[in-house]
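Here is the structure we will look at, set down as C-alpha cells.
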Amino acid sequence: MHKHLQSPFWIRKRRFKIISPGQCACSLNRESDKNGPPYSRNLDRDLVSCVIKTIAMKQQNKSRHRKPNLQQNGNDKEKHSSVQSEKDSKNRVSLELVIFRTSFAIILVGFLVYGLYMNYSVAKSSDRVDGRTVVQRDDGDTFVELDSDIDDTEDGTVSSKEQQRKPSVKQEIPVKLSEKSETETPTEKKPLQPSKTDQTQKSRLSKSQNQNGGKSQKNNKQKTTTLSSGNVKEIEKEVEEFKATYLKKMSPKKIFVDGRRLPPVELLPQKPNNSSVRVFLYDEFLSEQECDGLMRAHDSHVKESSKINPLICFDTIETLRKHIKTARKKVKVTPADFIPGTFCVNETFSRQLSGWLKSNWSYSTAFYPGESKFSKIMEFRVKEATQLLPENGGKFQITSYPQGIGYKTHTDCIEDNADERDRMATILVYLQDVEDGGETKFPELGIWVKPRKGRALVWNNMNEEGKCEALSVHNAAKVNKGHKYILQRWYYYKNFYSLGKRPPEPELPVRASGTPRVNCDEYEKGSCRWYDEWNYEHLVDYRNQRINLK
C-alpha cells in the first residue's frame, strides 16, 4: 500500500460542496505536498456527513420548488380550459349549422310533397283527362258539324272517346256516327237549313260497351222520328227570342292552372303592317295528361271510323280536276260523277280517288260543349286566360297530321263578308312535340311557331268592327318527321242560336252508317281533310242559298 494512503496527516481540512442534488464532491485545502493524493479514498466521518447534508439539501430543494410547480400546473390548467372552451364554442356553432340545414331541408321536402299532392288532387278532380274520360263515346260514335262551323282552317278536329267504358247517356254521350240520339231535345235538333218546315229525321240508337263486362246494345238499329208541328213552333219561338252577343276583342292575361303559372307572351310582327291582328302564346296551357288523353281518344275514333271508305267531296268540279291532274291521271270528269244534289263523288269513284291521292290528308274529329267534362274545363280555362266568351264558341276539333301532310295558306274568317257570324278568334293547342316541321306560320306578319306539347296559340281574325283581317292568313307547314296533333276552337264575332249545338246530319248523300267524309277545298288555298261528321256544305241547294244570301 502506498505510504500516502496510510498517512492521515495529508488531509488537513475537507470541505464538501453540493454541486447538484444527489451529488457530493469534496474540495480539499491542501497545505501538504502537491504530489500527494487529491483526496482520500477512505470514507470517514466527514464524507458521511457530506452525504447526510446532501440528502437534506435535496429535500429542501424539493420543498423550495414545490410552489413554482403548482403555479405552473395552474397555468397549464387555465390554458387547457381556454382551449376546451374554444372547442365547445366551435361545437355549438357546428350544431347550430346542422340544425339550420336540417330544418331547411325539411321545409323543402314539405313543399315538394305538397306540390305533388296538389298535382295529384287536381289531376284526380279533372278525371285525369285520359282516353276513357276526355270524350265519352263508343265504337260507332260520331259528331255532327254545324253548318256554320266549317272545317276549313289550319287546325280542326275532334276527339272521340275510347271504347273502354260504358258512358252515361245523360251526361257525356255524344251522338253516334251518322246517328242521332233518341234522347236529344228538340232544341238540340234544330237544323241550320233555309226552311223551317217539318222534316223527317233519322235517329239511330248508339252503341255502348260496358267497361266491366261487355254488354252492348244492338248496333245499327234505326228509328225514324218526326218533329211535330208543336215542336217546330217551339223551336221557331226560341230562335226568334234568342239574343245574340258580340265578341269584339280578346284580352289575354296571366292565369294559374294546377300550380302552373301561365303568362301570355305576345309574338310581335316582324313585318311592318297596319293590321289589328295580335298573336299570343301560352306554354303548358294543357297538361301532359290532358294532351295524351285527347290524342288517344282521337286515334281510337279515327281507327274505328276508317274501317269504312270515305266519300270525297269537292267545293267545285275544277278542284276535282286539278287533284286528278296532280295525281297524273287522265280521266274525264263530268257532273254525272257526283251524287245527285251534292258535291260528293260516288262510292266507286271515291275509292279510286283515295288510291290516287294516297289518302294524302289530315284527320279531324269533333266534340261539342257539354259532351264531356273536359269541354267545360277547356272553355273555362280559355275564358279566364283570354276573356273569350264560351257562348260565342263553336265545337272543339282535334286534328292529326301524318308525316308529309300540312295545310295550305288560308284565313279562318271570310274576307269581304257582310255576315257578322264569322270566326273572330282562334285558339290552337299543340298536343305533341314534332321532331321536324309542322310549324304554324303567319307569312304576312313574319311570325312562326314550333309545335310543343301543351303550348297554346290564340289570335284574332277580325277587327273590332267585325271585318275579316286579311293579314291573319296562316298555314300549317308540312310535317317532315313525326306526327302532329292539335286541339282547336273558333270563337265568333256574333253568336247565333245553333252555335255550339250538335245539329242532325243531312240525309244526302245516301250512305252507310258511320261513313266518314273527305272534304277538299279550293285547290290553291285549301287542302283535303278527313272528317268523322257531315255538315251541309256539300249540298247543292244549301250552297246556292248561301250564294243568294250574299
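The values are calculated or read from the model by the stated rules, or taken from the named source; none is laboratory data. Note that the coordinates shown come from a computational prediction; the quantities given were computed from them, not determined experimentally. Quick reminder, even Gly has a Cβ in these numbers, built from the backbone with ideal geometry, and neighbours come from all protein chains shown. The protein model used for the area step is the full one, side chains on, heavy atoms only, and it has no ligands, DNA or RNA in it. Shrake-Rupley method; radii C 1.70, N 1.55, O 1.52, S 1.80 Å.
Estimate the FRET efficiency between I106 and D283 by the formula 1/(1 + (r/R0)^6), using the beta-carbon distance for r and 35 Å for R0, to the nearest 0.05. Don't skip to the end; give the middle numbers.
Details: r = 32 Å, r/R0 = 0.91.
Given R0 = 35 Å and the Cβ-Cβ separation, E is 0.65.
Could you compute the FRET efficiency for Q352 and W448, with r as their C-beta to C-beta distance and R0 at 35 Å, rounded to 0.05? Kindly include the intermediate steps, with their values, before the conclusion.
Details: r = 37 Å, r/R0 = 1.06.
E(calc), rounded to 0.05, equals 0.40.
Cα gyration tensor of segment 447-499, axes a ≥ b ≥ c as square roots of the eigenvalues: rounded (a/c below 1.5), prolate (a/b > b/c) or oblate?
Working: a/c = 2.76, a/b = 1.76, b/c = 1.57.
Prolate.
Report the GluC sites (Glu not before Pro) located in segment 509-550 that are in a DSSP loop and have at most 13 other Cβ atoms inside 10 Å of their Cβ, or state none.
Passing both the DSSP loop test and the Cβ count: E524.
Roll a 1.4 Å probe over the protein chains and send me the accessible area per residue for segment 294-367 in Å². Walk me through the intermediate numbers first.
On the way: 3830 Å² over 74 residues.
Value returned for segment 294-367: 52 Å² of accessible area per residue.
What ranking of I99, I447 comes out by heavy-atom accessible area, probe 1.4 Å, highest first? Spell out each step's value before the answer.
Details: I99 95, I447 10 Å².
Solvent-accessible surface, decreasing: I99, I447.
To the nearest 20 Debye, how big is the dipole of segment 231-353 about its Cα centre, given +1 on the beta carbon of each Lys and Arg and -1 on that of each Asp and Glu?
Values: 22 positive and 18 negative charges, 173 e Å.
Roughly 820 debye for segment 231-353.
Quick check: convex hull over the Cα atoms of segment 407-550, volume per residue in Å³, rounded to an integer?
On the way: hull volume 20.9 nm³, N = 144.
It is 145 Å³ per residue.
In segment 316-382, what is the volume of the convex hull around the alpha carbon atoms, normalised per residue and reported in Å³?
Convex hull of Cα atoms, per residue: 156 Å³.
Set the Förster distance to 51 Å, then compute FRET efficiency between V113 and R321 from the Cβ-Cβ distance, nearest 0.05.
Computed FRET efficiency for V113 and R321 comes out at 0.20.
Name all residues of segment 489-518 having a backbone nitrogen under 19 Å from the label point set 7 Å from the Cα of V333 along its Cα→Cβ direction, giving them as ranges.
Residues passing the 19 Å test: 509, 517-518.
For a 26 Å ceiling on Cα separation, which of these pairs sit above it: K243/K408; K322/K494; K332/K478; K243/K501? Don't skip to the answer; put the middle values down first.
Working: K243/K408 36 Å; K322/K494 36 Å; K332/K478 30 Å; K243/K501 16 Å.
The pairs that break the limit, which is 26 Å between Cα atoms, are K243/K408; K322/K494; K332/K478.
In nm, give the distance between the simple-model label positions of S82 and K271, each being 7 Å from the Cα along the Cα-to-Cβ direction.
Spacing of the two 7 Å Cα→Cβ label points: 8.4 nm.
What do you get when you divide the Cα radius of gyration of segment 283-414 by 2.2 N^0.38 Å, with N the number of residues? Provide the component values of the computation, followed by the final result.
Details: Rg = 18.7 Å, N = 132, 2.2 N^0.38 = 14.1 Å.
So segment 283-414 has a normalised radius of gyration of 1.33.
Looking at segment 277-351, which trypsin sites (Lys or Arg not before Pro) are DSSP coil and have at most 10 other C-beta atoms within 10 Å of their C-beta? Write out the running numbers ahead of the final one.
Values: sites: R278, R296, K303, K307, R321, K322, K325, R328, K329, K330, K332, R351; in loops: R278, K307, R328, K329, K330, K332.
Those satisfying the criteria are K307, R328, K330, K332.
Provide the per residue accessible area, probe 1.4 Å, for segment 488-550, rounded to a whole number of square angstrom.
37 Å²
Check V279: other-chain or 5+ apart residues with amide H under 5 Å from its amide H, H built from backbone geometry?
When sequence neighbours closer than 5 places are left aside, the close amide H contacts are L267.
Could you check the spin-label model distance between F380 and R260? Points 7 Å from the Cα along Cα→Cβ, value in nm.
1.7 nm
If you find the alpha carbon centre of segment 440-503 and of segment 361-376, how far apart are they in angstrom?
16 Å
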